[in-house]
Structures are given as C-alpha cells and as structure tokens.
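Scroll down for the structure; my scribbles are underneath it.
The values are calculated or read from the model by the stated rules, or taken from the named source; none is laboratory data. All values derive from a computational prediction rather than experimental measurement. As a convention, Cβ positions derive from the backbone with ideal geometry for all residues, glycine included, and neighbour counts pool all protein chains shown.
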Amino acid sequence: MRRPVLVRRDEALRGGQPLAFAIGLAAALFIGVLLLLGAGHDPATVYQRMFEASLGNPDAWSVTLNRAVPLGLAGLAVAIAGSMGLWNIGAEGQILAGAMMAAWVARVGDGWPGPIIIVAMLAAGAVGGGLLAAGPALARSSIGVNEIITTLMLNEVALRLVQWLIHGPWKDPDSFNFPLAPMLPDQARLPVLFGRAHAGVILAGLVIAVFGLAVSRSVWGYELRVAGSSEATARYAGISLSRKIFTVLVLSGAVAGFAGAIELSGTADRITETISNGFGFAGIIVAALALMRPGGVAAVALLFGAVQIGGQSIQTLGVSSSVSTILQAFILFGAIGAGVFSQYRIRLVPGRRSVLEESVG
Amino acid sequence: MIDSAPTATATVPAVALMGIWKRFPGVVANAGTHLTVSTGTIHAVLGENGAGKSTLMNVLAGVYRPDEGEVRVHGRPCRFRNPADALDAGIGMVHQEFRLVPSFTVAENVVLGAAPPLLRRTAFEAEVASTAARFGLAIEPDRLVWQLSMGERQRVEILKALWRDARILILDEPTAVLTPAEADELGGVLRRMADDGRSVIFISHKLHEVTDFCDEATVLRGGETVAASLTVADTDSAQLAGLMVGASPAVTERPPPRDPDAPLLEVSGLSALGDRGNKALRAADITVRSGEIVGVAGVAGNGQRELAEVIVGFRPATAGSVVIDGTDLTGATPRQRFRAGLGYVPEDRLGVGLAPRLSVVDNAVLRVYSDYRRGPFLAADRARAYCQDLVKRFAVRTGALTDPVAGLSGGNLQRLLVGRELDHHPRVVVAAQPTRGLDVQGVKAIQDLLVAERNAGAAVLMISEDLDELLMLADRLLVMQGGRISAEFDPVTSSRQDIGVAMVGHRSDAEGRL
C-alpha cells in the first residue's frame, strides 16, 4: 500500500507562492460558497458586496488601507521581535499605552499648532508602547524571564489603566456621566489623504519600509538575524545578546505604541478602552503569516484589512457576524496559509505512517 | 508478538542484526554492522563517538529503517516501520534525551500511551509501584517528574519500557547522566532484568561499566563490527580499549616535522565547571608552539569540550589563565580573542559555528561582519564578493549564495566554517572534532587545511575522538581523562594500546569514574 506524505522541498518551487495563493484563495472561496448556501445566502451577492466594500472603489480602498495600518504596524512589532526569536504578545497593551500617551499629549497640548501636536502625539505613542515593553525587556535581557508571559500580562494592566482614566480623571464632564473621554481637538487629527484614508497610511508604510530595510540590510539587523538563528552562534560572532534583546523588545513595543497613536489621531474620536480592537493579537497572525519578515507584513496586513472590512460589510446583507468571521478565517487561511504548502511536495511512500522517518530521512 | 515467536531457547538469540547498512547524506553510519544478543544477558555495545552505535540501536528500535540488512527478533525477521512496531515486538529503548512530560507524575508518565481504559489513579499507581519494586527501581509513583533528578527520570524511562513488557531493552549511554553511585545501582537493576529473562543492550564507551555490569560485548568502529559477542569475563579492559580505538598498522602519511618556535598558546592551571556544575576541567596545562599540532585525545565527556570552550571564551574559567601570542586573554570576549588571532572550529557546527537559517554570504562574514559596514548597512556587494572568493578557494559546493546555509551537506558546511576561520591566518587554531561525521574526502580536505595552517606557522590544538586522525596529524598527543591532562605521548613512538589505557584510566582509580 502506498500513502502520500508531505516532504519539504530542498528549494522553494519557482513561482509556487503566487500559485499557492491563487489555489488557496479559490479553495477558500469555494468552501465559502458552501457555507453561505448552508446559511441561506446567495454567495454571488455576498462576494460582490465583500469585494465592493473593501476594494471596489477608492472609498472602499481608503477604509481598507486605514484598517491595514494598525494591523501592519502591530504585525511589524511582532515580526521585529520574532526575527530575533522573541515573542511580543503584548502589542495589544502597547497599542493602548501608545494611545494613552498620545491622548495625554493632546490634552496637555490643546491649543498648540496642528503639526506640532501631531508629531508630539506620535512620538509620545512610541514612547508609551516602548515604556510598557521596557519592563519585560529588562526582565528578559537581565535575568531571562520569559517575555511571552510578561508582555501578555501587561495587556491587562494597560487596559485597566485606560478604564481608570476614562472612568476617572479623563471623564468628559459633558458626557452625561457616561465613561467617555472628551473628543480630540481638530488640530490633533491626522490629515486626510483621500476618501477616509488618513496620513497614517503613509507613516505606517514608511515605518514598515525602514524596519524592513533595517532588519534585512543593516548591520544591526544582521546581528538580530544571527541571534534569531542561534544564540550560541551570536555569542561566537561576538554579539552582545542581552543589550540586543532589550533594544529589540523596546523597539517592538514602540512600534505598537506608534500604531496606538495613529489609531487615536487617525480614526478614533477619543481614547476608548476598545481602541486597540484586537489589532495587537491580529498582529501576531499577520507576523506569522509574513514568516516574521518585516517586508512581508505590509502585504499580509493589506489582505487582512480587506478581508476584515469586506467581512464586516456583508453583515448589512443579513449575514450573521459569526458566519462572516468564519468566512474571513477561511479566506485568510486559504490565501496565505497555502503559501506554506508551496515549500513541500507530495511523495508516495509505501507503508504506514512513520513521522520520525520523514523528519530524519 | 512475542508469544507467537518460537520459544526463546539458548540457540535462538533474542536479537540478531545482520549486515545492517545505514547511510545519511555524506556519512555512512553503519557499514554492514552485525550484532547478536542472547536472551537473558546484558550485552554491551562499545565504540567511540561516531562508531555507529546509536544508529544501529535506532534501527533496532524502529526509529530508522536500514538501507540493507536484516533484523531478527527471537529468530523472526522483522521490518519495523516505526518505534511502535518495535515496541509491539517487545523492544524498548531508553534514549539519551528523556521523553517525559515534566508536569505529569511518575505513574502518569509510565502509563502514558499504554494506559488502562479506566484511569483509576490509585490502581495504576499501585501497579507501577509494584513493577518498580520487582526490579529494584527506587521511585515514588506520585512524584512530579520535573522534581526528579536525572537518575530518577531515567528510572521512569526504564519503567515505561517495562510497563509495556519490553523483553529487549536498549539503553543508550545510560550512565552519562548518572553519578557513580547511581550507575552502580543501575547495574543492579539491569541484572535483575536479565535474570528475569529479558535481554539488555547497554551502549557505552566507559569500559569499567562494561566490565562491571555486562556479560558480553560487541565492539563497533567506523560503522563496522570489529569484535562480536566477546565474553566480558575473559577479556581485559586494555584489550577492549584497543579494539575500540583500533589497531590499524602504523600511519604512513605524516606531515614532515617542523621545529616548533615560540609558544603561541599557553594554558596554565585552567579549571572550569561543566554544564551541570561539576568540575569538568581541572588545572589543565597546555602549551602549543608555532608550527605544531597538539592533539587532545580522550573518551567523550572527559573535559575536552569544556577545555575548548574556556580557551575560546565561551565558558568562564574558575582558575588559571589563557595566553595567546603573549597576551593574557583569560577574561576576554570571544570576539576579542578572535581579533587577537584565535580561530575556533566548534564541535557543534550548525548550533555554534554557523547560523543555519542565514545565507551562505551572511555566514561567511560572521566573524568579520563589522569590517563590512557601510554606514548603518552591511555592504552586501563586498560581503558577497568575499563570500564568492572564500567559497571558491576552499572548494565549498553551494547552491545560491543567498540560500540558507542549512541546505549544505556536512562536508561543505565544515569547509565553509574551517575556511572562514583559517582565512584570516589565525596565530592559534582550536579545532574540536573537526572531521567528525564527514566522508573520506571531506576528512582529508579539512585535515589538509589544518596541516597547511600549521606549516604556515600557526599553533593548532586539535581535539578529536578519532585516535587515528590524531596519531596521523599531531606532533604531540595529550590525553584527557577525568578533566585532567593525564598523559602525554609521542605519536610516532607510542603504542595505541598504551594510549587507549590512558584514555580509559585505571579501573582502581576513583577519579576515573567521575
């Protein structure tokens, strides 16, 4: 009897990634058809709405781009740490911390000229995210405390801080006792590019490009990649690991904090406890799908954003949010997850399953 | 199943491995190896690292499929497709790395995967306890595994095999993690198992354990069986040592001797702790002069790895000093030492010497990348040009230079690594197991590079478990035993037998057991 097994290719299949993308997307859309039919919807109408709402016209693009900004920056934050083999699970909290710092600057700087207040907010956002990550960074680099646990736990701390602020010191006196912070002043809003797309799109693109270049081309990035490949090799090459770990985790937090400031200044009216909206966790998926390469994060985030926006839009057709979420998951998994399979080929081998044999042989 | 097999009589051996071949890319691990184990005995499989012991045992345990050859268990030919098949045939293996769930109890680990349908904790704990008691394994079934010592964890692994009623138990270097007292205790457990009619295969390279515990011994060297089923009682340890290290005729190919000049590497009174906090290196004194290769021989685990790591700055010295070319570098970083002219070929190529996920270019400049700075960037064009040159001069066969280095074969990986270390003409070279696992051509290439470096005036400290290699290349030969430099030999005049005995240490010598 022969059975199929997946064997890793020595070299990636030429043109395999785009092909896998197309096949995966088609398969996901086909499964989606079954899902939608089962739920009693017309697949053609639903797909048309999804496409139109996310990529069908400039306005739709602007909304998708706005969504891709926090996804991409959070993904970048995770990928920076990931290229050194570190896991920053705290982007969610770091986004909140960045938004808090930016909101504080907006309060303090009420009345400053627009450009200054915006630059100050964005810088404060990065500082906020970096500060929240500094604790885990120090603990990891000095005594080896697992950063996954510490960054994750600080998410809760950041959330409680925001809740305290909007229930307490920052509560808007004109909000009829609702726990709401006051609206941002107009000069603290990022300028609009087109449709609803704000200048954060360009800023995020720049930040991703700069870090992508830094990781892949700079001496700093080289040291990062060596350390991510093997810690012992890094020591052998004379790279100071503890300093590297500290700076990388703080930078990772700063990028997430920057995303929080952009969200506040670009799309939100005021700081809320939901401003991070799961972007920090989605960023882990974005980074993983981009194989921890900062360069790949932008493309994944764009697709992710389009699927999210399209998926939300079909709820107006009466598609329940759970069906919409399942559909989004299928498309993401199919389109991007399939890329992984282009690195494998199928081989028929005799006999039963033998995991070890495959991994060794 | 065992029951349906012909009843194990004295004439049908428990295990017969015949003409086993197993090749890995660039390495032949087993070259027609054979092994016969009688029922109810403890059978030692002896050999140096790389002799093919572990591969052979993995073939028997169903982890690897042999390329050629036959496996017979109690006289029945078997073709195991996976470890579960081997287990069904009554073969259990205790690997060097334990495969336990740290957060489970001893009993839970023992029954994991072979549990009774209804998990009644008290019931199976009692059963596990009684199995343990029957074989004299001191263990409390309700303890959590992460709280156990290495010796206790090993008992859990043995219990796992016994729980599955393994009639044949393979232990891969079981005493490596044990204290001497624990090792003696293990010997008692194994004897009880043999008396119970089970067969034990005991892989080791510690001779005193073989002579203490085992009934028969098979010696492997270079993937071949050099002595099969010797009766241990009739064989003395010097004879076994000789078989292990080989007694091939005198080496013909010897680099012409060269008058050593100034001392370039001076190690004095160097001591260091091992990974488990043990005193792994004890007051080592070594001087290597310009234009000489000093070989360090010894059975694995006698401080050679620690010696290399302390010299290159990977492991802190607890006492003593390292002087390179007249400069005291005892507390220096690995990079400072490299800059001072110390090249290092580490034992673990992909884990230490190279960054496996990075490209060939990135790995070629690993030691000198700061020389390829252009502003904040790495000058990719210059690095690439250097890499192309390096690859060409050291005959490294690669695919695209931008592909991950992990895709290279073992021999090419080592050429890249050695080439990179030697390209800057270090004054001192420390090479740890530089030819281990390479094919004949690769071995020759690496040896030639090291000899050329010596002839150019470098001081080479070569640590190897391949005594033939050391006898061929070294100008002087040191033997490490129990963390000390225990003897020095002249490779031209010394007998292999004497060196083998020095490597193993005297049985009566208590130090030798640590």
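In segment B:80-106, the qualifying residues are those that are of a type in the set (D, E, K, R) and either surrounded by 16 or more Cβ atoms within 10 Å (Cβ to Cβ) or in contact with an Asp or Glu (Cβ under 8 Å, 6 or more places away or on another chain) (or both), and the one that is farthest from B:VAL63 (Cα to Cα) is B:ARG99.
When the residues of segment A:138-152 are filtered to those that are within 20 Å of the chain's Cα centre (by Cα) and touching a residue at least 12 places away in the same chain (Cβ under 8 Å), the one that is farthest from A:THR247 (Cα to Cα) is A:LEU152.
Scanning segment B:349-375 for residues that are at the interface with chain A (Cβ under 7 Å from one of its Cβ atoms), assigned to a loop (DSSP other than H, G, I, E, B) and either hydrophobic (A, V, I, L, M, F, W, C) or closer than 15 Å to B:ARG436 by Cβ (or both) yields B:LEU354, B:ALA355, B:LEU358, B:LEU366.
Which members of segment B:256-314 meet the condition of being hydroxyl-bearing (Ser, Thr, Tyr) and in a strand (DSSP E or B)?
Answer for segment B:256-314, where residues must be hydroxyl-bearing (Ser, Thr, Tyr) and in a strand (DSSP E or B): B:SER268, B:SER271, B:THR287.
Considering only segment A:35-51, I want to know if a residue exists there that is touching a residue at least 24 places away in the same chain (Cβ under 8 Å), outside the structural domain of A:MET292 (by TED's automatic domain parsing) and of a type in the set (Phe, Trp, Tyr). For segment A:35-51, residues touching a residue at least 24 places away in the same chain (Cβ under 8 Å), outside the structural domain of A:MET292 (by TED's automatic domain parsing) and of a type in the set (Phe, Trp, Tyr): present. Residues in segment B:39-60 that are in a helix (DSSP H, G or I) and either touching a helix residue (DSSP H, G or I) at 6+ places or on another chain (Cβ under 8 Å) or within 14 Å of chain A (Cβ to nearest Cβ) (or both): B:SER54, B:THR55, B:MET57, B:ASN58, B:VAL59, B:LEU60. Can you find even one residue in segment A:97-105 that is surrounded by fewer than 18 Cβ atoms within 10 Å (Cβ to Cβ), at pLDDT 95 or above, over 16 Å from the mean Cα position of the chain (by Cα) and not aliphatic (A, V, I, L, M)? Taking every residue of segment A:97-105 in turn, at least one turns out to be surrounded by fewer than 18 Cβ atoms within 10 Å (Cβ to Cβ), at pLDDT 95 or above, over 16 Å from the mean Cα position of the chain (by Cα) and not aliphatic (A, V, I, L, M). Of the helices (runs of 4 or more DSSP H) that lie entirely inside segment B:407-483, those containing 1 or more residues that are within 14 Å of chain A (Cβ to nearest Cβ) and of a type outside the set (Asp, Glu) span B:410-422.
Residue pairs whose Cβ atoms lie under 8 Å apart, sitting 6 or more positions apart in sequence or on different chains, and linking a residue in segment B:94-112 that is acidic (Asp, Glu) to a partner that is exposed (fewer than 14 other Cβ atoms within 10 Å of the Cβ), are B:GLU108/B:VAL101.
Assess whether A:GLY72 counts as being assigned to a helix (DSSP H, G or I), of a type outside the set (A, V, I, L, M), more than 30 Å from A:LYS171 (Cβ to Cβ) and touching a helix residue (DSSP H, G or I) at 6+ places or on another chain (Cβ under 8 Å). Yes.
Residues in segment B:252-271 that are under 18 Å from B:VAL428 (Cβ atoms) and modelled with pLDDT of 75 or more: B:ALA262, B:PRO263, B:LEU264, B:LEU265, B:GLU266, B:VAL267, B:SER268, B:LEU270.
Just one of the listed residues (A:ALA259, A:ALA254) is touching a Pro at 6+ places or on another chain (Cβ under 6 Å) and in a helix (DSSP H, G or I), and it is A:ALA259. Return the residue satisfying two criteria in turn: it lies in segment B:166-188 and is touching a helix residue (DSSP H, G or I) at 6+ places or on another chain (Cβ under 7 Å) and in a helix (DSSP H, G or I), and of such residues it is farthest from B:HIS95 (Cα to Cα). Checked segment B:166-188; the qualifying residue farthest from B:HIS95 (Cα to Cα) is B:PRO180.
So which residues in segment B:86-107 are out of contact with any helix residue (DSSP H, G or I) (no Cβ under 8 Å at 6 or more places or on another chain) and at pLDDT 90 or above, if there are any at all? The answer is B:ALA89, B:GLY90.
Annotation: A:THR150 fulfils all but one of (1) over 30 Å from B:ARG373 (Cβ atoms); (2) not in a helix (DSSP H, G or I); the unmet one is (2).
Looking only at segment B:61-75, residues that are more than 14 Å from chain A (Cβ to nearest Cβ) and surrounded by 15 or more Cβ atoms within 10 Å (Cβ to Cβ) come to 6 in all. Might you check whether a residue that is crowded, with 24+ Cβ neighbours inside 10 Å and not in a loop (DSSP other than H, G, I, E, B) occurs anywhere in segment A:85-92? Checked segment A:85-92: at least one residue is crowded, with 24+ Cβ neighbours inside 10 Å and not in a loop (DSSP other than H, G, I, E, B). Do the conditions hold for A:GLY144, that is, is it modelled with pLDDT of 95 or more, within 30 Å of A:VAL248 (Cα to Cα) and in the same structural domain as A:ALA74 (by TED's automatic domain parsing)? Answer is no for this residue.
For a quick check of your reading of the model, give me the residue pairs whose first member lies in segment B:56-70 and is touching a residue at least 60 places away in the same chain (Cβ under 8 Å) and within 19 Å of B:ALA166 (Cα to Cα), whose second is outside any loop (DSSP other than H, G, I, E, B) and charged (D, E, K, R), with beta-carbon atoms closer than 9 Å and at least 6 apart or on different chains. Final answer for the pair search is B:LEU56/B:LYS22; B:MET57/B:ASP172.
The residue list B:LEU220, B:LEU178, B:LEU230, B:LEU207 contains one member that is surrounded by 15 or more Cβ atoms within 10 Å (Cβ to Cβ) and closer than 25 Å to B:VAL110 by Cα, which is B:LEU178. Within segment B:330-346, the set of residues being surrounded by fewer than 19 Cβ atoms within 10 Å (Cβ to Cβ), within 14 Å of chain A (Cβ to nearest Cβ) and either of a type outside the set (D, E, K, R) or out of contact with any Gly (no Cβ under 6 Å at 6 or more places or on another chain) (or both) comprises B:ALA332, B:THR333, B:GLN336, B:ARG339, B:ALA340.
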